[in-house]
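K.L.:
Let me begin by handing over the structure; questions about it come next.
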Amino acid sequence: MITLPDFSAGAMENWGLITYRERLLLLDPHDFADSNMDDVARVIAHELAHQWFGNLGFATFISYIGTNHLEPEWKTMERFVTEEMQGVMALDSLESSHPISVTVDSASQVNELFDGISYYKGPSIIRMMKFFLKEVNFKKGIHNYLVDKQYDNAEQDDLWLFLTQAVAGMDLLPPETTVKTIMDTWTLQMGFPVIKVERAADGTSATVTQNRFLLVKNANSTDEHDYWWWVPLTYTSEDNPDFLTTHPSAWMDDTDKHVTVSSLPASDKWVIFNMQESGYYKVNYDDNNWQLLTAQLEKDHTPIHLLNRAQLIDDALDLARASELKSHLLPETRGGVHPMGGSTVQPGLRGADVHAPRRLRGLADECLTEEEEEEEEEEEEEEEEEEEEEEEEEEED
């Protein structure tokens, strides 16, 4: 690995000689911020991953899990969810989005595809796949894929085949279903679903429906009902909260307009779907369940996993912007947001700005501890200066 003092791209994964812009490989031990260390670690991991994966989604995914493995206290994977995944969902909820996998007819079209969808939706659905296959099987499938395809060309369907083989006979996928069947609905069409959870009067069962989520709808909008996905459903409840089980308890297939989920608690207990925001989708609830969740956040946020607290805020804000959630159901007190766990939830809240109801504006700053506030002030100017430059580097990489 070498640095070049005048290098237009941020870094380039040349096989055997990876080149970097100086500031993306070298750090001044007497003058650097923690964010600089994180940037360097992820860029190195990204370029090393490209020695095996040409796919941008996988290289980005490996850059985050590799950094998280080496420095778990940085909480890199949690930050991936709140900074990158939630961010790209905002792009993917627009009609101007595009699928991850598209047919390219000319060289000029290639550069047009180097955008947030390619860089961050890819790793988001790979992360989802890791959860529903279980990590040990996911690693086995990737290992076998790399061994079989080394020094060779590979297609998307090759990866799906090896991952399907890795879970053969384990009853982890729906009957007579392959990884290709599931993942084609996520890679070959744009957008993502919002699932609506409407509980029965006694609360013990719920009807779950899916529709394409569009942040802005107009008279000429593509019909969101033309889009359907295989959706892994994970959920837990107030009476027995388990946020660590991320393997699906149920599935919605790409022909299901609704499914019924049973064995839920009484209607005075909340339920939460999408554990640790493992799935690439948003969740809406009936009014009563939103009120129960809001009350829980205001009373004591700790029973709810950090990533699900961040998810609730992000989903609620976007649903309100899309006129799918009444604003009075949003968490409205400082107590529901302030103790959410520091800077992990902060990026999503900052993204709310003027689109959020007044009661939520500015709450991003309240999520920071005093120490984090000081660090934020020190890094703010530097981050603003580097923002445009980093975007250019990603496009050129």
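Read the figures in this text as sums done on the coordinates, not as results from a lab. The structure presented is a predicted model; accordingly, all values stated were derived computationally and were not measured. When we count neighbours, we look across all protein chains shown, and the Cβ atoms used for this are built from the backbone with ideal geometry, even at glycine.
K.L.:
Please go through segment 44-61 and give me each residue that is assigned to a helix (DSSP H, G or I) and in contact with a Phe, Trp or Tyr (Cβ under 7 Å, 6 or more places away or on another chain), ordered by number.
P.N.:
49, 56, 59, 60
K.L.:
Follow-up. Pairs, please: C-beta under 6 Å, at least 6 apart or cross-chain, first residue without any contact (Cβ under 8 Å) to a residue 24 or more places away in the chain and closer than 17 Å to residue 36 by Cβ and in segment 1-14, second not in a strand (DSSP E or B) and not hydrophobic (A, V, I, L, M, F, W, C)?
P.N.:
As it stands, the answer is 3/22, since those pairs meet every condition given.
K.L.:
List, please: which pairs have Cβ atoms under 8 Å, are six or more places apart or on different chains, and start with a residue in segment 128-157 that is free of Cβ contacts under 8 Å to residues at least 40 places away in the same chain and end with one that is of a type in the set (Gly, Ala, Ser)?
P.N.:
137/166; 138/166; 140/166; 141/166; 144/166; 145/154
K.L.:
What is the number of the single condition among (1) of a type in the set (S, T, N, Q); (2) closer than 21 Å to residue 5 by Cα; (3) in contact (Cβ under 8 Å) with a residue 60 or more places away in the chain that residue 36 does not meet?
P.N.:
Unmet for residue 36, out of (1) of a type in the set (S, T, N, Q); (2) closer than 21 Å to residue 5 by Cα; (3) in contact (Cβ under 8 Å) with a residue 60 or more places away in the chain: (3).
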